[in-house]
Number of protein chains: 4
Amino acid sequence: MLHTIKKIGVFTSGGDSPGMNAAIRSVVRSCAFHDIECVGIYRGYEGMIEGDFKSMNARSVKGIINKGGTVLKSARSKEFRTAEGRKKAYDKLVEAGIDAFVVIGGDGSFTGAMIFSQEYGIPVMGIPGTIDNDIFGTSHTLGYDTALNTVVEAIDKIRDTASSHNRLFFIEVMGRDVGHIALNVGIGAGAEEILIPEEDLGLDRLVESLRRSKQSGKSSSIVVVAEGDKIGKSVFELKDYVDANMSEYEVRVSVLGHMQRGGSPSCFDRVLASRMGVKAVESLITGKSNYMVGLKNDVMALTPLDQAVKGKSKINLELLRVSDIMSI
Amino acid sequence: MLHTIKKIGVFTSGGDSPGMNAAIRSVVRSCAFHDIECVGIYRGYEGMIEGDFKSMNARSVKGIINKGGTVLKSARSKEFRTAEGRKKAYDKLVEAGIDAFVVIGGDGSFTGAMIFSQEYGIPVMGIPGTIDNDIFGTSHTLGYDTALNTVVEAIDKIRDTASSHNRLFFIEVMGRDVGHIALNVGIGAGAEEILIPEEDLGLDRLVESLRRSKQSGKSSSIVVVAEGDKIGKSVFELKDYVDANMSEYEVRVSVLGHMQRGGSPSCFDRVLASRMGVKAVESLITGKSNYMVGLKNDVMALTPLDQAVKGKSKINLELLRVSDIMSI
Amino acid sequence: MLHTIKKIGVFTSGGDSPGMNAAIRSVVRSCAFHDIECVGIYRGYEGMIEGDFKSMNARSVKGIINKGGTVLKSARSKEFRTAEGRKKAYDKLVEAGIDAFVVIGGDGSFTGAMIFSQEYGIPVMGIPGTIDNDIFGTSHTLGYDTALNTVVEAIDKIRDTASSHNRLFFIEVMGRDVGHIALNVGIGAGAEEILIPEEDLGLDRLVESLRRSKQSGKSSSIVVVAEGDKIGKSVFELKDYVDANMSEYEVRVSVLGHMQRGGSPSCFDRVLASRMGVKAVESLITGKSNYMVGLKNDVMALTPLDQAVKGKSKINLELLRVSDIMSI
Amino acid sequence: MLHTIKKIGVFTSGGDSPGMNAAIRSVVRSCAFHDIECVGIYRGYEGMIEGDFKSMNARSVKGIINKGGTVLKSARSKEFRTAEGRKKAYDKLVEAGIDAFVVIGGDGSFTGAMIFSQEYGIPVMGIPGTIDNDIFGTSHTLGYDTALNTVVEAIDKIRDTASSHNRLFFIEVMGRDVGHIALNVGIGAGAEEILIPEEDLGLDRLVESLRRSKQSGKSSSIVVVAEGDKIGKSVFELKDYVDANMSEYEVRVSVLGHMQRGGSPSCFDRVLASRMGVKAVESLITGKSNYMVGLKNDVMALTPLDQAVKGKSKINLELLRVSDIMSI
C-alpha cells in the first residue's frame, strides 16, 4: 500500500548552478498542481538539521525562473554526514510534517539522500544540478548548457584581444573530473587544443601542435584547459613551459573561475528544470523513491540514485575527432 | 565503383540562421583535413546558376564560427526551379570541377538538391539550417537553440515592464507550421499561455485561463503566440478580442520579428554545426548521397533527403503538460 | 527654519525604465545612511491615494540593483489629477508620517509632484527615469543608456539576416517626441538613414539616399525610424512607399517595441541611479524642494521641476553630421 | 600656408579595446567623405616600420563597427623607440605617400607619435583607445564604457553564486594606475568595498567593514580590487589575510583578466568612436596636428598630445561617497 504523500520538501545542495531556481519553481508548482503542500528547505542538509523551512505556494516562486543561483541557498553540511546530524534532520522533517523530499544537487548530495532514505525510509528524488555535467544517468545536468554559453562568450571576448595581438592564450575552465565543458567550449570557441582529464596529449605534442598551428598561418591560438586536465599542469605552468620552449607566441593565461557558475539560465536549462521538477514530484506521488530524474534521448528517465552516484559520465569521443579536424 | 570526390561545393540557401557560418567553416575545414578542394557558392542556387564561386581553404573561414548570418549569403532562386536554370547550374559546376555539394538550408533547399541530384547524378548532402526546427530527421536544426535563447532574453525584458505595470502581453514568435519555438520559450519565459499551430486552445478557454491567472494573484501575464497559431488570430486581433472581453488587464502586443534569426550562435549550435559539417563531408567521401545529416539521440545520423522533406517534425507533448503545470 | 525630515517616501511613476530599481535602492540606502525612515509607495500616485505603503530599510533593496522594471510597480493615475485624489493622497501621507518624497519618473510624474507640493507644501524631489532621454536638465535620464545597448544589440541581430539576404530594413525604435535613441543607435548600428522627429528628410531624399547606398556597393541597408519621425509615416507605410518606388531592395520591417524598456541596467545607469538617489535624499535633507536631480557635464545638478517640465531636451546636431559621414 | 593632406594613415597601437574598429571605420569613412585617400597600417608602429600597409575605402570597413579587437591588429614596437626605427617608418610613409596619420591607442602610443611628428614634421592626431580611462583630456576613452558593462555582467554572475553560498569574493579588475573601472563597477555591482590605487583603505578597516557588513545582515559580499590597489596586496593575499583574521566568511577569489578587453562595443563606445574619427580627420584637414581628440562635457575637444600624456586622469571623488552610502 502506498504511503500517500502530503507534504514535499525541496532544497538545493552542493555547488549552485543556473537552473536551480527554475527547478525549485517547478517542484513547488508541481506540488501546487497536485494539491500537495511544499516546503522550501534553506541551505541544503544544513538547513534541514536546523529546521530552516519555509512553506511555499505557486506564487512564492514567481519571477525566479530566469535568475541564477538558488533562492533556497546552498551549503555543504559536515554534520549531516554523522548519524546524529541525520537524526536531527529527520526529527525536523517529522516535526514539519514533510514526508518526502526532492534534492537538487550533485553526487555528494545524492549520496546523503540515499543514506538518509535507507535509515529513515523517507522517499527521496534527485535532480542533477551542476554545471560540470558529470553525473551518470542524464545527458545534461542543470546549468551545463548555460555554463557552455557563458564560457564561450567569455572566450569570444578573449579571442578579440588574442587576435589583435597574435597571442596564445591558455584558458582554464571548470571540470575537475570530466572534460565536457572544455571539449564543447573548445570546439565552440574554435580552440586550437583542448586539454581534458580523459586524455593525455602530452606536452611535446602540445608544443608541436601549437607550432604547426602557427605555421599554418593562424595569428592567434586558444588552448582550453579543464581544471583536471590529464597533463596535470596548471595554466600557469603551461605558460611557463611554452615560454621556455617556443618563441613563436606571446603567451597569456586566463582562469575563468566562478562566473561560470552564475548567470540567467539558457532556455534549454529552464525547460529542462521545469520538466525535471514535474517528473520528480509525479514520481514521488506514484510511490517511487531513490531515483534521479534525468534526460535520456530527449525523454525524462529515472536512474536509481546509487547508479547515478557510482556510474561515470563519459565524454563523446566523436567530439575529440571533430575538434582535431576543426583546428586544422 | 565509387566516383572519387575531389572538389566539394558548399552553400547556404533559404532563410538564414545562426550556426550557418559555423557549418560552412566545418565543411571547409573537413575538406582541408581530407585533402579535398572546397568551393564556396554565393547566394545559394542563384549563385550556382551564375557561377558565383570562391575557392576556400582552412584559413578562409577564420573568425566566423561565432558570427550570425552567412558569409556565403543566401537567397531563394526561382530560376533553379526551371529545368533551364538547373542546366545552367550544372554547367557552372562542371566548369568549376565541383563534383559534389553540401547544401545548408531547409525543406525547399533540400527539394532542389534532390531534383538536381536525380537529374545530373551529382552527390549531395544536406545540413538542416533553420531556426524553426521544423525538419524531420533531426532533433535540432542549426540555429534553433540560439533562437530559443534570443527569444527568451527578449521576453525576459518584456516581462520586466509587464510586471511593473500589471500588463498582459501577446508576444508573437516565429513558427509558421510548428510550435517548437513557442512551446519552449513559453515554458522558458514562464508564459501563462502558449498558442501553437498544433493545438487549438480556443478563444474562450484563453480568456478563461487569463481570468483564472489574474485571480490566482499573478500581476502580469505573457501569452506566447506562434506565427501560425491554430486559433488563427494575429496578436493584434487577440489583443482586440481580450480588450473587448476582459477588463482585468491592460493589453499590449509585441512582434519579435527578424531579430530572432540573428545573433552569435550558442555553444550548442556551434558544436552541432561543426559535427554536421564533418559528417556531411565524410559521408560524401564514403560514397553517400542524397542524405541529410541530423542529430538523433545526441548522435550524428543520416536521413534520406526525401524523408527529411516529407516527414513532419513533431512537438513534444510532454512539454504541453509541463507548460500547463508551470502556469498554475 | 528648516522642517526636519524624518520619513521620506519613494515611488516610481509613468513608464518604467531600467535603473529605476537601482534608484529606489539608492534612495532607501541614502535614507538609512542619514537615519531617516524610508517608505516605498507602490504603483505611483495610485498607491499613494490608496495608502499602499511599505516600510523599507537597507536590506529591503538587496539584490535589485541589476534588475529591470521596478519593484515598487508603476502606474498612471487619473484620480491624482483631481483635487479630491490629491487630498486623499495627502491624507495617506500624513497618516503614515511621510514628510517628503522622491518621485522617479518623467514629465507627467513631475507635473503631478509640483502641483501636489504647491497645494500641500510637502517637499518633493524628482529623479528622471525614462528611456527616451526627453527631459530637460539632465544629459541622461535613467534607462536611456541601457536602452541604447538593448536596441543596438537587437539591430546587430537584424543586420545579420539583412546582410545574408541583401535586404533593406525599416526598424522602428522608441522616441515619440525626441530622436535621441534613433540618432544614437542609428550611428551605433551603422544605419544608412535615421528618421527622427526633429528633422524632415523627405521621402524623395530617402529613396535617393537608399539608391545611392545601393550603388555604392552596400549589400544591405538599415533605416532606423523613431516612433514620432517627422516624415509622419509608420515603418509599414515606408516599406510600401519604397516597394512602390524602388526595385533594388527586398524590404522588411521590424518594430522593436516594449523589449526596449526592459533588461538589466548598464553599469552607467546603475551608477547614475546610485548618484541620483543620494543627491535627491541629501537635497531634501538640506531643505531643498521642487527640483529634479540631473547629470550635467558629469556632475550632479539640480533643475527646478517647472523648468524640467517646460524645457526641451535637444538632440546633438553634431551627431546628424557624423551619421551622414558614417553612411557614405 | 597649409600643407594639403591627400593621404591619411590610420593604425591601432598598444593594448586593444572595444571601439577601436569603430574608430578605424570612422577615420576611413571620414577620409572617403572628404575625398582623401586612407591607408590602414597594420600592427601599429611595427607595421609602419615594415610598410605593412593596405589601402582602405568606405567599403573596406563594412561590418566592423560592432566587432571587438582591431582589424588592423596592434603591437608594441621596441624598434620605433630608436631613431633608426623611426627613420625606417618615415621612409615607408613617404614611399606610400602618407602625409598625416591618426593613431588610436594610449599614452605610450601618443608619446611615439609626438616624437615622430617633431622629428619629421608629419601631422598626427591621437584617438584615446584603452579600457582603463586613464588618459587626460577626455572624460571617456574608447572601450571604457564597454569594459564597465563586461565587468558588471561578470560580477553579476559571481554574485549569483556568492549569494547562494554566503561567500565573500575578492574580484580583481583592470586598472593599474587609476581606479575608474573598479570604482564604477564596484558601485554598479553593489560591492561592499572597492580597493583602488588612489586610496589606501588599510587592511584593518577592510576587515572591520566586512565584519560590519556581515552583522548588518548581508549574506554575501563582493570586494572589487583594482590591479594597482593602494593596499598593495593581490586578491590572493587579501584572501589569505581575511582567512586568517575573520571566520565569518568563506572567501573566494576571481581574476577577471583579459576578457575585460574584448567584446562588442556598447552603443556609447560606437558613437564615441564615430565622433572621434570624424573629429580627428577634420582636424588634420584644417591644419591641426599633435592633438588628441577627446570628449569633454559631451562635446568633442582637442587636447595637445603632450598634455594628454603628462596630465592625470582623476577619479570622481563623489563616487567614493556614493559607494560608501550604497554599501550601508
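The values are calculated or read from the model by the stated rules, or taken from the named source; none is laboratory data. Just so it is clear, the structure is predicted and the values come from calculations on it, not from any experiment. Every residue, glycine among them, receives a Cβ derived from its backbone with ideal geometry; neighbour counts consider all protein chains shown. For accessibility, only protein heavy atoms count, side chains too; no ligands or nucleic acids. Shrake-Rupley method; radii C 1.70, N 1.55, O 1.52, S 1.80 Å.
Quick look at the values:
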| item | result |
| --- | --- |
| Matching residues, region A:45-60, being away from chain B (no Cβ under 14 Å) and free of Cβ contacts under 8 Å to residues at least 24 places away in the same chain | A:Asp52, A:Lys54, A:Ser55 |
| Residue check for A:Glu193: of a type in the set (D, E, K, R) and either outside the structural domain of A:Met246 (by TED's automatic domain parsing) or in contact (Cβ under 8 Å) with a residue 40 or more places away in the chain (or both) | yes |
| Any hit, region B:130-138, residues being aliphatic (A, V, I, L, M), closer than 30 Å to B:Asn21 by Cβ and not assigned by TED's automatic domain parsing to the domain that holds B:Gly19 | no |
| Among the residues listed as C:Gly63, C:Gly105, C:Gly69, the single one being open to solvent by 10 Å² or more (accessible area, probe 1.4 Å), out of contact with any Leu (no Cβ under 9 Å at 6 or more places or on another chain) and either within 13 Å of another protein chain (Cβ to nearest Cβ) or of a type outside the set (Asp, Glu) (or both) | C:Gly63 |
| Positions within region A:215-246 being under 16 Å from the mean Cα position of the chain (by Cα) and β-branched (Val, Ile, Thr), in sequence order | none |
| Selection from region D:199-215 of residues that are farther than 15 Å from D:Asp324 by Cβ and free of Cβ contacts under 8 Å to residues at least 12 places away in the same chain | D:Asp204, D:Gln215 |
| Residues (basic (Lys, Arg) and within 14 Å of chain B (Cβ to nearest Cβ)) located in region C:72-90 | C:Lys73, C:Arg76, C:Lys78 |
| Scan of region B:190-204 for residues that are away from chain A (no Cβ under 14 Å) and outside any strand (DSSP E or B), ordered by number | B:Pro197, B:Glu198, B:Asp200, B:Leu201, B:Gly202, B:Leu203, B:Asp204 |
| Residue in region B:247-265 that is farthest from the chain's Cα centre (by Cα), counting only those that are closer than 13 Å to B:Ile155 by Cβ and not β-branched (Val, Ile, Thr) | B:Arg252 |
| Residue that is farthest from A:Gly126 (Cα to Cα) [pool: residues in region A:282-293 that are open to solvent by 10 Å² or more (accessible area, probe 1.4 Å) and in contact with a strand residue (DSSP E or B) (Cβ under 8 Å, 6 or more places away or on another chain)] | A:Lys288 |
| Members of region D:249-272 found to be over 21 Å from D:Ser13 (Cα atoms) and without any contact (Cβ under 8 Å) to a residue 24 or more places away in the chain, listed by number | D:Cys267 |
| Members of region C:247-290 that are within 12 Å of another protein chain (Cβ to nearest Cβ) and assigned to a loop (DSSP other than H, G, I, E, B) | C:Leu256, C:Gly262, C:Gly263, C:Ser264, C:Pro265, C:Ser266 |
| Unique match (being out of contact with any Lys or Arg (no Cβ under 8 Å at 6 or more places or on another chain), aliphatic (A, V, I, L, M) and in the same structural domain as D:Ile36 (by TED's automatic domain parsing)) among D:Val124, D:Val173 | D:Val124 |
| Hits in region D:299-320 (condition: at the interface with chain C (Cβ under 10 Å from one of its Cβ atoms), closer than 18 Å to C:Cys267 by Cβ and open to solvent by 30 Å² or more (accessible area, probe 1.4 Å)) | D:Asn316, D:Glu318 |
| Options C:Lys279, C:Lys296; residue that is at negative phi, touching a strand residue (DSSP E or B) at 6+ places or on another chain (Cβ under 8 Å), modelled with pLDDT of 95 or more and open to solvent by 10 Å² or more (accessible area, probe 1.4 Å) | C:Lys279 |
| Candidate set: region B:1-44, residues that are hydroxyl-bearing (Ser, Thr, Tyr) and more than 14 Å from chain C (Cβ to nearest Cβ); chosen: the one farthest from B:Asp107 (Cα to Cα) | B:Thr4 |
| Hits in region D:39-50 - residues which are open to solvent by less than 30 Å² (accessible area, probe 1.4 Å) and not hydrophobic (A, V, I, L, M, F, W, C) | D:Gly40, D:Gly44, D:Tyr45, D:Gly47 |
| Options D:Gly121, D:Gly112; residue that is surrounded by 24 or more Cβ atoms within 10 Å (Cβ to Cβ) and either more than 25 Å from B:Gly63 (Cβ to Cβ) or more than 26 Å from the chain's Cα centre (by Cα) (or both) | D:Gly112 |
| Residues of region B:1-38 satisfying the condition of being open to solvent by less than 10 Å² (accessible area, probe 1.4 Å) and of a type in the set (Val, Ile, Thr) | B:Ile8, B:Val10, B:Thr12, B:Ile24, B:Val27, B:Val28 |
| Filtered residue count, region B:132-179, keeping only those that are more than 10 Å from chain C (Cβ to nearest Cβ) and not in a helix (DSSP H, G or I) | 22 |
| Number of positions in region B:135-171 that are under 14 Å from the mean Cα position of the chain (by Cα) and either aliphatic (A, V, I, L, M) or at pLDDT below 95 (or both) | 5 |
| Number of the condition not met by C:Met56 [criteria: (1) more than 30 Å from D:Lys157 (Cβ to Cβ); (2) at pLDDT 95 or above; (3) open to solvent by 10 Å² or more (accessible area, probe 1.4 Å)] | (1) |
| Residue check for B:Val225: more than 14 Å from chain A (Cβ to nearest Cβ), more than 28 Å from C:Tyr42 (Cα to Cα), open to solvent by less than 60 Å² (accessible area, probe 1.4 Å) and touching a residue at least 40 places away in the same chain (Cβ under 8 Å) | yes |
| Sole exception among (1) over 17 Å from the mean Cα position of the chain (by Cα); (2) in the same structural domain as A:Val173 (by TED's automatic domain parsing); (3) in contact (Cβ under 8 Å) with a residue 24 or more places away in the chain for A:Ser283, by number | (2) |
| Which listed residue, of A:Leu272, A:Leu206, is open to solvent by less than 20 Å² (accessible area, probe 1.4 Å) and more than 30 Å from A:Lys296 (Cβ to Cβ) | A:Leu206 |
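Residue-wise test of (1) of a type in the set (S, T, N, Q); (2) without any contact (Cβ under 8 Å) to a residue 60 or more places away in the chain.
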| position | (1), (2) |
| --- | --- |
| B:Gly105 | no, no |
| B:Thr111 | yes, no |
| B:Glu119 | no, yes |
| B:Pro123 | no, no |
| B:Asp132 | no, yes |
| B:Phe136 | no, no |
| B:Gly143 | no, no |
| B:Thr150 | yes, no |
